[in-house]
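The values are calculated or read from the model by the stated rules, or taken from the named source; none is laboratory data. Predicted model only: the values in this text are computed from it and were never measured. When we count neighbours, we look across all protein chains shown, and the Cβ atoms used for this are built from the backbone with ideal geometry, even at glycine. Note: areas computed on protein heavy atoms with side chains; ligands, DNA, RNA excluded. Shrake-Rupley method; radii C 1.70, N 1.55, O 1.52, S 1.80 Å.
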Amino acid sequence: MDYGLTDEQQQIRDEVRRFAENEIEPVATEYDRKEKYPHEVMDEAAKMGLTGANIPVEYGGAGYSTLEMALITEELFAVDPGIGLDITAASFGAEALIGFGTEEQKEEYLEPVTSGDAVMGAAISEPDVGSDVSAVSTQAEKDGDEWVINGNKMWITNGSVGDYFVVLVQTDPDAEGRYNGFSQIIVESDRDGFTAEKITGKMGIRASDTAELIFDDVRVPEENLVGTRGGGFLQLMQFFDETRTAVAAQGVGIAKGATERALDYAQDREQFGQSVSEFQAIQHKLADMHTKTEAARQLTYKSAWSVDNSEEQLTMLASMAKEYASRVAVDTADEAVQIHGGAGYVNDFDVERLYRDAKITQIYEGTTEIQKNIIARELLGKGMF
């Protein structure tokens with residue numbers, strides 16, 4: 001078993017960390033406090049080739065593998081999850097176009113993301129629809145050579161800053177079967193009837209833009225349909241292994257960042273005439289944090305490798321990685337605050353922000369409970385109980 005990274009992968013990891021420390025770290029607290037989207041940082045990220053880095057080279061991207069994207073995500077989130085999400089999610093929804101879009105769609109919508117000229121998003125969740133994706137009620141009706149879309153989408157990343165979105169809608173509400181009758185359609189944000197209302201007051205990832213999208217008789221041309229009409233739900237499911245692995249990498253990054261900061265603080269802080277790191281209770285915390293982070297990292301890397309190599313147990317691995325890494329992120333951030341004591345409870349130190357940011361990894365892209373359901377389903381389906 002080869003656990004080593006290639007020289008190129010190590011270089012990617014190191015360059016991304018330098019970028020994060022130079023461009024993100026100095027402004028992270030400001031953007032978090034103001035709940036402001038970091039347009040200036042995004043411009044620099046685009047110059048580095050970090051926006052849409054997973055997009056194939058022929059459409060302007062770097063064509064990085066799932067493992068390489070996990071490395072990038074880990075380093076960005078170790079410095080700041082909010083801005084890290086802005087960068088890695090600039091191409092959110094691109095998977096659908098890469099996998100099912102026409103050549104014209106790929107050229108029109110992917111290339112601007114990689115150059116930093118556009119931000120895209122995926123619109124799935126609704127005010128009354130979270131984990132049960134098959135309950136989506138936003139509808140698109142055919143009228144001549146156009147689709148007319150009505151409904152609401154909720155908790156949409158890049159919602160008020162995005163230029164276009166891949167939207168999951170009902171196109172055939174009377175279709176037989178719970179998972180049939182859904183389609184994915186590209187909707188540009190400058191269409192008449194499209195409104196985005198920014199959501200503020202989030203616990204964490206506050207530099208990341210989140211909004212409610214409202215579609216009021218929004219008309220788009222029929223060529224905005226992605227792939228086959230009625231195949232949208234199945235299209236979406238094909239990418240959850242990849243996106244859940246990405247969230248696992250987010251969790252690893254947060255855990256790494258929390259562990260690094262706790263270690264530094266414990267060595268600098270003195271109590272009772274000695275460094276806090278000299279106390280066995282703190283040493284045990286640091287040992288557990290580091291061990292859990294490494295365990296989460298290995299599970300995440302294996303999941304990423306499995307995505308790239310189409311392994312059989314991919315779905316279970318992705319859910320295992322997502323569930324475990326997100327739990328480690330929350331637990332490790334909690335311990336980092338504890339090691340900081342009162343200082344960790346205010347935003348003078350980054351661990352306060354990491355503590356708030358960590359929780360979302362247990363919620364989006366499928367809650368912890370959903371991941372456990374999937375793991376159990378896969379085990380039962382393979383007769384392993």
Legend entry - First in the stretch 351-378 and among the hydrophobic types (A, V, I, L, M, F, W, C), second anywhere and outside any helix (DSSP H, G or I), Cβ under 7 Å, 6 or more apart: 360/204; 360/205; 370/131
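Would you mind finding the one in 350, 357 that is farther than 17 Å from residue 131 by Cα and over 16 Å from the mean Cα position of the chain (by Cα)? Explain how you work it out, then say what you get.
On the way: 357 fails: over 16 Å from the mean Cα position of the chain (by Cα).
It is 350.
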Inset, instruction - Considering each residue of the stretch 215-231, count those that are touching a Lys or Arg at 6+ places or on another chain (Cβ under 8 Å) and under 21 Å from residue 155 (Cα atoms), and give that number. - result: 2
Inset, instruction - Go through the stretch 173-195 and count every residue that is closer than 21 Å to residue 119 by Cα and either open to solvent by 40 Å² or more (accessible area, probe 1.4 Å) or assigned to a loop (DSSP other than H, G, I, E, B) (or both). - result: 6
Inset, instruction - For the stretch 94-109, state whether one or more residues are polar (S, T, N, Q) and touching a helix residue (DSSP H, G or I) at 6+ places or on another chain (Cβ under 6 Å). - result: yes
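Do you know which residues across the stretch 262-277 are of a type in the set (Gly, Ala, Ser) and part of a helix (DSSP H, G or I)?
262, 266, 277
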Legend entry - Residue satisfying condition, being over 26 Å from residue 350 (Cβ atoms) and crowded, with 24+ Cβ neighbours inside 10 Å, within set 84, 93: 93
Inset, instruction - Please go through the stretch 23-58 and pick out each residue that is among the acidic types (Asp, Glu) and within 15 Å of residue 118 (Cβ to Cβ). - result: 43
Legend entry - Pairs, first among the basic types (Lys, Arg) in the stretch 33-47, second open to solvent by less than 60 Å² (accessible area, probe 1.4 Å) and not in a helix (DSSP H, G or I), C-beta under 7 Å, six or more apart: 36/207
Inset, instruction - Kindly provide the set of residues from the stretch 1-50 that are of a type in the set (Gly, Ala, Ser) and outside any helix (DSSP H, G or I), ordered by number. - result: 4, 49
